[in-house]
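Here's the structure, in structure tokens; my notes come after.
Read-outs: derived from the displayed coordinates by stated rules, not from any lab. Computed from a prediction, not measured in an experiment: that's the story for all the values here. Cβ coordinates were reconstructed from backbone atoms using ideal geometry, including for glycine residues, and neighbour counts include every protein chain displayed.
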Amino acid sequence: MMPTVNLYLDRMNPVEPVRVADVYAATQDRASSYTAAAAKIGLTMREYTEFREALLDGGAIYVRLPQRIDAMAGVHRNGHVYALRNVVVPAGTMGWTVNLADGTQVIVPQICSNLSMNRSRRIAHIASPHKQQAKRVASARYVRVEPIVVHETPVIFTAPAIVAPASVGGGDSVYAGTAPAAAPVVSAGRSALPFLGLLAPAVAAFTNHGGSASSIPVTIAPCSAGSNSMGVCRP
């Protein structure tokens, strides 16, 4: 399983929509990001246009979303749009779905408005030349088929406790929030710790596991893979 991605900081719309009209407004106000996101997750321009028309024509329904989603876009605060594959969202995530004419389901989680989709299984079957070739080979002789391993990408939508910029390694900057924080964010009833710069991930791990901070490895994935659970990524 892939590391958990925190899409709270990588939301496509910082304001949580209340009505489907708000979703359409977001696609209009942030047109370049949503158009780029559509291409990143594999929607054609025709499919994306059909999706936006459905938002106006009553074709979107508000439901509890499926936990497994084929592709979901995210956008960093620097404007870079990326796509995640085989996404697993928290149970009970609500949002809007639009069923396109070709069977593709376009999905917009309410909490982040990140453009997502589940591709029609019928389309995926027809569009796979590898399966057709395998059938032809199998008809001639026995072929050993290796199991396909699907790497899932779990995502969360949680505001990270640490929101100050930090640095990793030889001065590489990482994103850890939308703005520098004047003081650490501490939950009521807990003692405050001086979370500072590079020590932030290690100290958080120390408080969670009760071990030595120096013995716990800190892994910062590239931003093309999304922000981690603390809202940090490496450009």
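Tabulated values for the structure
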item: Cα centroid of region 52-83 to Cα centroid of region 9-25, whole Å; result: 10 Å
item: Proxy reagent accessibility, fewest Cβ within 10 Å first, across ASP22, ASP102, ASP10; result: ASP102, ASP22, ASP10
item: Sorted by Cβ density within 10 Å, fewest first, the residues ILE156, ILE220, ILE107; result: ILE156, ILE220, ILE107
item: Residues TYR34, TYR48, TYR24, sorted so that the one with the fewest Cβ neighbours within 10 Å comes first; result: TYR24, TYR48, TYR34
item: Rough spin-label spacing in nm, given labels placed 7 Å along Cα→Cβ, for ALA161 and THR4; result: 1.3 nm
item: Normalised contact order of region 1-129, rounded percent, pairs of Cα under 8 Å and 6 or more residues apart; result: 28 percent
item: Formal net charge of residues neighbouring THR93 (Cβ-Cβ distance under 13 Å; K, R +1; D, E -1); result: +1
